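J.: Can you keep this structure in mind? I'll have questions shortly.
The values are calculated or read from the model by the stated rules, or taken from the named source; none is laboratory data. It should be emphasised that the depicted structure is a prediction, and the values quoted were computed from it without experimental measurement. Glycine gets a Cβ as well: all are built from the backbone with ideal geometry, and neighbour counts include every protein chain shown. Accessible surface areas use protein heavy atoms only, side chains included; no ligands, DNA or RNA. Shrake-Rupley method; radii C 1.70, N 1.55, O 1.52, S 1.80 Å.
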Amino acid sequence: MTITHDPELNHLLNRLDTQRERLHQAFPPKRDAQCFIDGMFDFLFPINNQHPRRASVQFVDLSDQLIRILQPLVEDPEPITDDFFHSLPEIYDILLDDVQATLDFDPAATSEEEVITTYPGFYAIAIHRMAHRLHQLGAPLLPRMLTEYAHGKTGIDIHPAAQIGHSFFIDHGTGIVVGATAVIGDNVKLYQGVTLGALQVEKSLANKKRHPTIENDVIIYANATILGGQTVIGHHSVIGGNVWLTDSVPSWSRVYHEAKVSVRNKMDGKVIDYVI
């Protein structure tokens with residue numbers, strides 16, 4: 001195909017070449033970020049690796065990777081890298097609490113190894129905790145790249161800015177959304193399809209708290225939707241499946257969506273056959 005005589009197509013190709021050069025200089029490749037976070041997960045939990053390297057060797061390699069990834073994003077990547085890796089003992093201990101929370105609450109969980117290797121909820125939590133630390137340290141873009149990678153693998157969308165306490169448990173997980181300004185306390189449990197979202201979506205609210213606060217020891221069952229920055233779910237509350245909340249509830253509450261069931265007489269009317 002000859003393109004040299006098509007001025008509009010040539011103009012597009014030139015624009016794309018300029019864009020490629022700009023993006024190459026300004027942003028790290030997605031693949032590098034994904035390899036880094038997979039390496040971090042394997043570094044902390046080398047269960048799936050049949051031939052794990054010594055931790056000290058892997059530590060140096062991952063540190064170098066993070067510096068390279070951050071170089072297009074920040075003027076001096078080494079302080080962020082040093083602070084991130086110095087925070088790993090704390091992150092690791094919190095993740096072990098998350099594993100234990102799964103074992104304590106889920107009757108289907110039989111071992112730490114099972115939780116670490118097969119639970120998408122734990123994987124999403126692990127990536128979030130590392131991305132959240134990078135977000136706290138001021139790393140631009142990269143934290144979001146990491147949590148979106150976990151989102152693509154698990155269906156669990158947790159913004160890296162969201163604050164999450166200890167012993168967090170996600171069961172099944174697919175379809176969970178946790179917004180940027182959400183605050184989640186300790187010992188909280190979420191089921192699939194839960195949304196902790198904003199009541200209004202306006203750019204002018206970018207610097208406001210838009211997402212709810214979930215206090216300690218709360219359980220939120222499947223497909224519940226909780227919206228609003230001023231909405232607080234009090235501690236030890238249970239939010240039932242399919243509940244829609246835009247107002248706060250006090251501690252020790254039980255909130256349920258009540259379905260109405262009517263049983264008709266078998267002689268009433270005729271059965272409608274649906275054909276799909």
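J.: Please count how many residues of the stretch 168-179 are in a loop (DSSP other than H, G, I, E, B) and either at positive phi or among the charged types (D, E, K, R) (or both).
T.: Looking only at the stretch 168-179, we keep the residues that are in a loop (DSSP other than H, G, I, E, B), and these are 168, 172-176, 179.
Filter once more, so that each one left must be either at positive phi or among the charged types (D, E, K, R) (or both): 172-173, 175.
Residues meeting the conditions: 3.
J.: Scanning the stretch 31-65 for residues that are at pLDDT below 90 and basic (Lys, Arg), which turns out most open to solvent (accessible area, probe 1.4 Å)?
T.: By that ranking, first place goes to Arg54.
J.: Which condition breaks for Ser167 when tested against (1) free of Cβ contacts under 8 Å to residues at least 60 places away in the same chain; (2) over 30 Å from Ile69 (Cβ atoms)?
T.: Only one criterion is unmet by Ser167, namely (1).
J.: Answer yes or no as to whether Thr81 is part of a helix (DSSP H, G or I) and touching a residue at least 24 places away in the same chain (Cβ under 8 Å). If you could, list the steps in order and put the result at the bottom.
T.: Numbers: part of a helix (DSSP H, G or I): yes; touching a residue at least 24 places away in the same chain (Cβ under 8 Å): no.
It is false that Thr81 is part of a helix (DSSP H, G or I) and touching a residue at least 24 places away in the same chain (Cβ under 8 Å).
J.: Consider the stretch 153-192. How many of its residues are of a type outside the set (A, V, I, L, M, F, W, C) and either touching a Pro at 6+ places or on another chain (Cβ under 9 Å) or over 22 Å from Asp104 (Cα atoms) (or both)? If you could, list the steps in order and put the result at the bottom.
T.: Applying the first criterion (of a type outside the set (A, V, I, L, M, F, W, C)) to the stretch 153-192 yields 153-155, 157, 159-160, 163, 165-167, 171-175, 179, 181, 185-187, 189, 191-192.
Applying the additional criterion that residues be either touching a Pro at 6+ places or on another chain (Cβ under 9 Å) or over 22 Å from Asp104 (Cα atoms) (or both) yields 153-155, 157, 159-160, 163, 172-175, 179, 181.
Adding up the residues that qualify gives 13.
J.: Of everything in the stretch 157-167, what is in contact with a strand residue (DSSP E or B) (Cβ under 7 Å, 6 or more places away or on another chain) and in a loop (DSSP other than H, G, I, E, B)? Give them in sequence order. Please lay out each step first, then the result.
T.: Of the stretch 157-167, the ones in contact with a strand residue (DSSP E or B) (Cβ under 7 Å, 6 or more places away or on another chain) are 157-159, 162-165.
Those that are in contact with a strand residue (DSSP E or B) (Cβ under 7 Å, 6 or more places away or on another chain) and in a loop (DSSP other than H, G, I, E, B): His159, Ala162, Gly165.
J.: Report the residue count in the stretch 101-114 for those that are open to solvent by 80 Å² or more (accessible area, probe 1.4 Å) and not in a loop (DSSP other than H, G, I, E, B). Let's see the steps before the verdict.
T.: The initial filter retains those residues of the stretch 101-114 that are open to solvent by 80 Å² or more (accessible area, probe 1.4 Å), namely 104, 107, 110, 112-113.
Applying the additional criterion that residues be not in a loop (DSSP other than H, G, I, E, B) yields 104, 112-113.
Total meeting the criteria: 3.
J.: Could you grab the pairs with beta carbons closer than 7 Å, sequence gap of 6+ or different chains, first residue in the stretch 125-136 and in contact (Cβ under 8 Å) with a residue 24 or more places away in the chain and within 18 Å of Gly185 (Cα to Cα), second one of a type in the set (Gly, Ala, Ser) and not in a helix (DSSP H, G or I)?
T.: Every condition considered, the pairs that remain are Arg133/Ser87.
J.: Sticking with this one: So Thr2 fits all but one of (1) at pLDDT 70 or above; (2) open to solvent by 70 Å² or more (accessible area, probe 1.4 Å); what number is the exception?
T.: (1)
J.: Let me ask something else. With respect to Pro140, is the statement that it is farther than 20 Å from Arg31 by Cα and surrounded by fewer than 17 Cβ atoms within 10 Å (Cβ to Cβ) true? Steps first, answer last, please.
T.: Numbers: farther than 20 Å from Arg31 by Cα: no; surrounded by fewer than 17 Cβ atoms within 10 Å (Cβ to Cβ): yes.
Spelling it out, it is not the case that Pro140 is farther than 20 Å from Arg31 by Cα and surrounded by fewer than 17 Cβ atoms within 10 Å (Cβ to Cβ).
J.: Here's something else I'd like to know. Here are some conditions: (1) of a type in the set (D, E, K, R); (2) open to solvent by 50 Å² or more (accessible area, probe 1.4 Å); (3) under 20 Å from Gly175 (Cα atoms). Arg129 meets all but one. Which one does it not meet?
T.: Status for Arg129: all satisfied but (2).
J.: Counting only residues that are in a helix (DSSP H, G or I) and not aliphatic (A, V, I, L, M), which one in the stretch 127-146 is nearest to the chain's Cα centre (by Cα)? Don't jump to the end; show me each part of the working.
T.: The first filter runs over the stretch 127-146 and keeps only residues in a helix (DSSP H, G or I), leaving 127-136, 142-146.
Imposing the further condition that a residue be not aliphatic (A, V, I, L, M) reduces the set to 128-129, 132-133, 135-136, 143-144.
Working: His128: 5, Arg129: 9, His132: 10, Arg133: 13, His135: 13, Gln136: 15, Pro143: 10, Arg144: 9 Å.
The extreme case among them is His128.
J.: Regarding the stretch 110-120, can at least one residue be identified that is in contact (Cβ under 8 Å) with a residue 60 or more places away in the chain, touching an Asp or Glu at 6+ places or on another chain (Cβ under 7 Å) and more than 20 Å from Val183 (Cα to Cα)?
T.: Of all residues in the stretch 110-120, those in contact (Cβ under 8 Å) with a residue 60 or more places away in the chain come to 113, 116-117.
From the residues that got through so far, the ones that are touching an Asp or Glu at 6+ places or on another chain (Cβ under 7 Å) too are none.
Checked the stretch 110-120: no residue is in contact (Cβ under 8 Å) with a residue 60 or more places away in the chain, touching an Asp or Glu at 6+ places or on another chain (Cβ under 7 Å) and more than 20 Å from Val183 (Cα to Cα).
J.: Report, by residue number, each residue of the stretch 66-78 that is open to solvent by less than 60 Å² (accessible area, probe 1.4 Å) and either touching a residue at least 12 places away in the same chain (Cβ under 8 Å) or among the small types (Gly, Ala, Ser) (or both).
T.: Leu66, Ile67, Ile69, Leu70, Pro72, Leu73, Val74 - these are the residues of the stretch 66-78 that are open to solvent by less than 60 Å² (accessible area, probe 1.4 Å) and either touching a residue at least 12 places away in the same chain (Cβ under 8 Å) or among the small types (Gly, Ala, Ser) (or both).
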